[in-house]
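The values are calculated or read from the model by the stated rules, or taken from the named source; none is laboratory data. No experiment lies behind these values; they were computed from the predicted model shown. Note that we place each Cβ from the backbone using ideal geometry, even for glycine, and neighbour counts take in every protein chain shown. Accessible surface is based on the protein model in full, side chains and every heavy atom, while ligands, DNA and RNA are left aside. Shrake-Rupley method; radii C 1.70, N 1.55, O 1.52, S 1.80 Å.
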Amino acid sequence: MTNDAYTLASEAAAALRSATGLDTFDVALVMGSGWVPAADAIGETVSEVPFTGLPGFRAPAVAGHGGKIRVVRTPEGRHALVFLGRTHLYEGLGVDAVVHGVRTAAAAGVRTLVLTNAAGGLRPETQNVGDPVLISDHINLTGANPITGTTFIDLTEVYSRRLRALIHEIDPSLAEGVYVAFRGPTYETPAEIRMLRTLGGDMVGMSTVLEAIAAREAGLEVLGVSLVTNPGAGLSGEPLNHEEVLEVGRATAARMGVLLSKAVDRL
Ligand code: 8IG
């Protein structure tokens, strides 16, 4: 931590309040690649603020990762901050940049955070491409941590059991799994995928874990959902590419949209 990172998040929250005319927000959702097409289902857009207009935000580097905060009014009248795009550690901007959106949401009054991502599946025996999986826990292999110093944060229940139970009421068929994060931007080698299976991982990606840690530091309740868009390297015989991620996102947008829209008013 640097104190500056938290100050910058307060400044971004103030800018967000003045850009939207709203004083506080109830929930934030970070839309990973593959999830942006589902964002339209969450509710009515009341305003959109480009990242470039807010202190500490950068336009994301990757096609399909958006680049703005959309303020959405849910059917029950809650206000959601929908992050269309996120910063990844592999962009080289540092860990504070990766969690800036989460800290800004917390400073803007948000108490509940929904983290979505696209991920490689480590269990093709039981997972299908296009399946959403609730994140039950994570393994942080990024080598990074958003917290510096002697703040010892409990991570016994990063991904809220209460929120997972609510989602299971909406869709009892959803599997749960352990999400493993690497820094990227390379995908894994087949040997690394075999290692992750042995370690107890179920999905692998390049996001989410640092944001979840920053959220727990800020006292937010966290829900995480992965969209499995490819089997991990070496599990299918096919090479991996980013275009298939976006394609699976487009193909599953309706299902993910229904899930998020039902979830957002119950969290
Ligand atoms: I989508 O197979 C997506 N993101 N590290 N490995 C890693 N990240 C991913 C993968 C994957 N698929």
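Taking segment 179-209 as the range and being of a type in the set (A, V, I, L, M, F, W, C) and either under 19 Å from THR87 (Cβ atoms) or within 13 Å of the ligand (Cβ to nearest atom) (or both) as the test, the residues that pass are VAL180, ALA181, PHE182, ILE193, MET195, LEU196, MET203, VAL204, MET206, VAL209. Any idea how many residues of segment 216-259 are open to solvent by less than 10 Å² (accessible area, probe 1.4 Å) and out of contact with any strand residue (DSSP E or B) (no Cβ under 7 Å at 6 or more places or on another chain)? Residues meeting the conditions: 1.
For ALA212, the conditions (1) away from the ligand (no atom under 14 Å from the Cβ); (2) at pLDDT 95 or above; (3) more than 21 Å from ALA39 (Cβ to Cβ) are fulfilled apart from (3). Residues that are free of Cβ contacts under 8 Å to residues at least 40 places away in the same chain and open to solvent by 70 Å² or more (accessible area, probe 1.4 Å) within segment 22-45 comprise just one, GLU44. Put simply, of GLY109, GLY120, GLY130, GLY101 the only residue that is within 16 Å of the ligand (Cβ to nearest atom), touching a helix residue (DSSP H, G or I) at 6+ places or on another chain (Cβ under 9 Å) and not in a strand (DSSP E or B) is GLY130.
Condition first: in contact (Cβ under 8 Å) with a residue 60 or more places away in the chain, within 11 Å of the ligand (Cβ to nearest atom) and assigned to a helix (DSSP H, G or I). Now tell me which residues in segment 223-267 satisfy that. Steps first, answer last, please.
First, the residues of segment 223-267 that are in contact (Cβ under 8 Å) with a residue 60 or more places away in the chain: 223-233, 235-236, 240, 242, 245-246, 248-267.
Those left that are additionally within 11 Å of the ligand (Cβ to nearest atom): 226-233, 235-236, 240, 242, 245-246, 248-249.
Answer for segment 223-267, where residues must be in contact (Cβ under 8 Å) with a residue 60 or more places away in the chain, within 11 Å of the ligand (Cβ to nearest atom) and assigned to a helix (DSSP H, G or I): HIS242, VAL245, LEU246, VAL248, GLY249.
Residues in segment 241-258 that are within 27 Å of VAL110 (Cα to Cα) and touching a helix residue (DSSP H, G or I) at 6+ places or on another chain (Cβ under 7 Å): GLY249, ALA253, MET256, GLY257, VAL258. Comparison of GLY67, GLY85, GLY53 shows that the only residue that is in contact with a Pro (Cβ under 6 Å, 6 or more places away or on another chain), surrounded by fewer than 21 Cβ atoms within 10 Å (Cβ to Cβ) and of a type in the set (Gly, Ala, Ser) is GLY67. Only one of the listed residues (ALA119, ALA108) is under 17 Å from the mean Cα position of the chain (by Cα) and open to solvent by less than 10 Å² (accessible area, probe 1.4 Å). That residue is ALA119. Counting residues in segment 161-172 that are among the acidic types (Asp, Glu) and either closer than 24 Å to VAL36 by Cβ or crowded, with 16+ Cβ neighbours inside 10 Å (or both) gives one or more. Restricting the first residue to segment 137-164 and requiring it to be closer than 14 Å to GLY177 by Cα, which pairs with a second residue that is at pLDDT 95 or above and of a type in the set (S, T, N, Q) meet a Cβ separation below 8 Å and a spacing of at least six or different chains? Pairs found: HIS138/THR208; TYR159/SER136; ARG164/SER136. Does segment 175-196 contain at least one residue that is part of a helix (DSSP H, G or I), open to solvent by 50 Å² or more (accessible area, probe 1.4 Å) and closer than 18 Å to ARG111 by Cβ? No: segment 175-196 contains no residue that is part of a helix (DSSP H, G or I), open to solvent by 50 Å² or more (accessible area, probe 1.4 Å) and closer than 18 Å to ARG111 by Cβ. When ALA144 is tested against (1) closer than 21 Å to ARG86 by Cβ; (2) not in a loop (DSSP other than H, G, I, E, B), exactly one condition is not met: (2).
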